[in-house]
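Okay, so here's the structure we're looking at.
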């Protein structure tokens with residue numbers, strides 16, 4: 001005779017997380033008496049046994065069906081021609097540079113002036129872990145104006161330095177904010193409109209949409225040539 005009763009799952013094990021109360025992660029004034037001997041809860045069998053109970057617990061209802069559905073779907077390979085760029089803000093403009101051009105992004109540091117320097121595009125030098133690196137003004141290179149005071153009242157600035165590859169060396173330039181990495185297909189790069197504020201269009205090879213913003217993708221060759229011409 002077949003038993004038609006529904007299969008019942010065993011009751012979940014009750015775990016007392018003493019490590020969060022009287023252990024190393026707890027705030028209770030009462031401390032576990034065994035801490036003096038064991039030093040850390042990682043060394044206690046109570047902590048280890050609780051981990052085993054979690055790993056051996058029964059799967060929740062619908063867990064197997066959910067993973068069956070996930071694993072049965074066709075695996076779609078990511079597009080091979082995706083381009084990765086670092087998105088950052090310079091004043092009020094959102095811009096992007098190819099990831100391959102950037103060595104690192106670091107916190108803002110003091111910029112030391114160069115004596116007898118009249119070139120506004122050349123800011124000075126910056127000490128990056130003992131190495132003196134030339135600092136350029138991307139704003140002056142691209143013609144990006146500083147935001148006015150009214151704009152600054154409602155926007156925060158998290159200044160960073162971006163270290164960019166330049167020939168056999170590097171330069172750094174300060175930016176107002178760094179978002180991170182974005183990826184786009186070549187066909188998603190739209191022509192830069194002539195009305196794109198006052199940014200130097202010769203440096204912009206196209207525009208991508210990102211979080212509702214128009215992001216100008218910088219032409220790395222044009223930027224590198226301009227940097228080199230100002231370092232001569």
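Read-outs: derived from the displayed coordinates by stated rules, not from any lab. Values in this document were obtained by computation on a predicted structure and should not be read as measured data. Every residue, glycine among them, receives a Cβ derived from its backbone with ideal geometry; neighbour counts consider all protein chains shown.
How much of the DSSP beta bridge set in the stretch 83-231 is antiparallel, as a percent to the nearest 5?
90
Grab the Cα-Cα distance for residue 37 and residue 165, subtract it from 0.36 nm times how many residues apart they are, and report the gain in nm with one decimal.
Contour length minus the Cα-Cα distance gives 40.7 nm.
Hey, could you get me the Stokes-Einstein D for the stretch 83-231, Kirkwood radius over alpha-carbon pairs, 4 °C and 1.567 mPa s, rounded to whole µm² s⁻¹?
After rounding, the answer is 82 µm²/s.
For the residue pair residue 17 and residue 72, what label-to-label distance in nm results when each label sits 7 Å from Cα along the Cα-to-beta-carbon direction?
So the label points at residue 17 and residue 72 sit 3.5 nm apart.
Enumerate the whole-percent occupancy of each 10 Å bin, from 0 to the last occupied one, for all C-alpha pair distances of the stretch 18-72.
Over the stretch 18-72, the share of Cα pairs per 10 Å bin runs 21, 33, 19, 18, 9, 0 percent.
Would you calculate the separation in nanometres between label points at residue 213 and residue 158, each defined as 7 Å from the Cα along the Cα-to-beta-carbon direction?
In this crude label model, residue 213 to residue 158 measures out at 1.1 nm.
Computed FRET efficiency, Cβ-Cβ of residue 146 and residue 222, R0 22 Å: what is it to the nearest 0.05?
The computed FRET efficiency comes out at 0.50.
Could you work out how far apart the two model spin labels at residue 48 and residue 84 are, taking each label as a point 7 Å from the Cα in the direction of the beta carbon, and quote it in nm?
4.0
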